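Student: Sharing a structure here in structure tokens format.
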Amino acid sequence: QVQLVESGGGLVQPGGSLRLSCAASASTFSTYAMRWYRQGPGKERELVASITTGGTPSYVDSVKGRFTISRDNAKKTVYLQMNSLKAEDTAVYYCNARKLTREFWGQGTQVTVSS
């Protein structure tokens, strides 16, 4: 079992920045691919960014150039740096850990972009 705890969400003005963190309980954190998902009001959950065990990132087109995913295996933490935030980035952001058929989710952290 892997426990994931997200933090760093909040209210930010358009154009602002936030950094989300997801701390994992697993000592084998480095063997998990990590992802950030989000679910906006009235929308389906969507994959925002992912990072492989080797550190290769990928992004959904709508956040490319604005968001950066990274991981610190020593701290068992994955980050999502979000810059140039827009109103449409408003959502609950979820951390996800995946290895083969095993998958774990965090409880989510709210990000609200509004003036």
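The values are calculated or read from the model by the stated rules, or taken from the named source; none is laboratory data. These figures come from a predicted structure and were not determined experimentally. All Cβ positions, even for glycine, are placed from backbone atoms using ideal geometry, and neighbour counts span all protein chains on display. Heavy atoms of the whole protein, side chains included, go into the accessibility calculation; ligands, DNA and RNA do not. Shrake-Rupley method; radii C 1.70, N 1.55, O 1.52, S 1.80 Å.
Student: Limited to region 80-115, what total is found for residues that are assigned to a strand (DSSP E or B), aliphatic (A, V, I, L, M) and free of Cβ contacts under 8 Å to residues at least 24 places away in the same chain?
Tutor: Of the residues in that region, 0 qualify.
Student: Would you check which residues across region 85-115 are exposed (fewer than 14 other Cβ atoms within 10 Å of the Cβ) and out of contact with any Pro (no Cβ under 7 Å at 6 or more places or on another chain) and list them?
Tutor: E88, L100, T101, R102, E103, Q107, Q110, S114, listed by residue number.
Student: Scan S7, S21, S50, S58 and give me the residue that is free of Cβ contacts under 8 Å to residues at least 12 places away in the same chain and in contact with a strand residue (DSSP E or B) (Cβ under 6 Å, 6 or more places away or on another chain).
Tutor: S58
Student: Next up: Give region 23-36 a look and list any residue that's over 16 Å from N83 (Cα atoms) and crowded, with 20+ Cβ neighbours inside 10 Å, or say none.
Tutor: A24, F29, Y32, M34, R35
Student: Of all residues in region 46-77, how many are surrounded by 15 or more Cβ atoms within 10 Å (Cβ to Cβ), out of contact with any helix residue (DSSP H, G or I) (no Cβ under 7 Å at 6 or more places or on another chain) and among the charged types (D, E, K, R)?
Tutor: Qualifying residue count for the region: 2.
Student: Only one residue in L4, L20, L80, L11 is open to solvent by 70 Å² or more (accessible area, probe 1.4 Å) and at pLDDT 95 or above, so which one is that?
Tutor: Exactly one of L4, L20, L80, L11 is open to solvent by 70 Å² or more (accessible area, probe 1.4 Å) and at pLDDT 95 or above, namely L11.
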